[in-house]
Amino acid sequence: MAYDEHLADRIRELIAGERRLTEQRMFGGLAFLVGGNMAIAASGQGGVLVRVDPKNADALVARTAAKHAVMRGRPMKGWLRVAPDHVRTKRQLATWVDRGASYARSLPAKRKR
């Protein structure tokens, strides 16, 4: 499944003010990176893939509609999937964009090779 281009446009609009913002195709979707660190992606599986602080991931899964991301059969610490139904509104999506961008900003910037 290809990623939802309309969802990618909505993410782009919300994250546009971030410094050191880049876009990159990865994980079958379109990822938005801050300082070289992935913040959020329009997922090829639908919805979004969000990077969060691994210490907060279980709590977010417990109190939101997010689920732990599983890649190649393994749960990925600090990576959450949010289904399309839970990012329909601007407010819903902005919450996840903010979480992902905040965590990506907290990480050391990656150097370009």
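The values are calculated or read from the model by the stated rules, or taken from the named source; none is laboratory data. Bear in mind the structure is a predicted one, so any value in this text is a computation, not a measurement. Note that each Cβ is placed from the backbone with ideal geometry, even for glycine, and that neighbours are counted across all protein chains shown. When the accessible area is computed, the model is the full protein with side chains, heavy atoms only, and any ligands, DNA or RNA have been set aside. Shrake-Rupley method; radii C 1.70, N 1.55, O 1.52, S 1.80 Å.
Summary table
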quantity	calculated
Inter-residue pairs, beta-carbon under 8 Å, first under 10 Å from T64 (Cβ atoms) and in the stretch 90-102, second open to solvent by less than 70 Å² (accessible area, probe 1.4 Å) and assigned to a helix (DSSP H, G or I), 6+ apart	R99/L60
Some residue of the stretch 29-38 being exposed (fewer than 15 other Cβ atoms within 10 Å of the Cβ) and in contact (Cβ under 8 Å) with a residue 12 or more places away in the chain	no
Selection from the stretch 6-26 of residues that are under 13 Å from V48 (Cα atoms), of a type outside the set (V, I, T) and modelled with pLDDT of 95 or more	H6, L7, A8, D9, R10, R12
Residue identified as under 23 Å from R19 (Cα atoms), open to solvent by 70 Å² or more (accessible area, probe 1.4 Å) and over 13 Å from the mean Cα position of the chain (by Cα) among K110, K77	K110
Among the residues listed as H86, H68, the single one being surrounded by 15 or more Cβ atoms within 10 Å (Cβ to Cβ), touching a Gly at 6+ places or on another chain (Cβ under 8 Å) and without any contact (Cβ under 8 Å) to a residue 40 or more places away in the chain	H86
Candidate set from the stretch 1-22 (those that are surrounded by 15 or more Cβ atoms within 10 Å (Cβ to Cβ) and of a type in the set (D, E)); member that is farthest from D98 (Cα to Cα)	D4
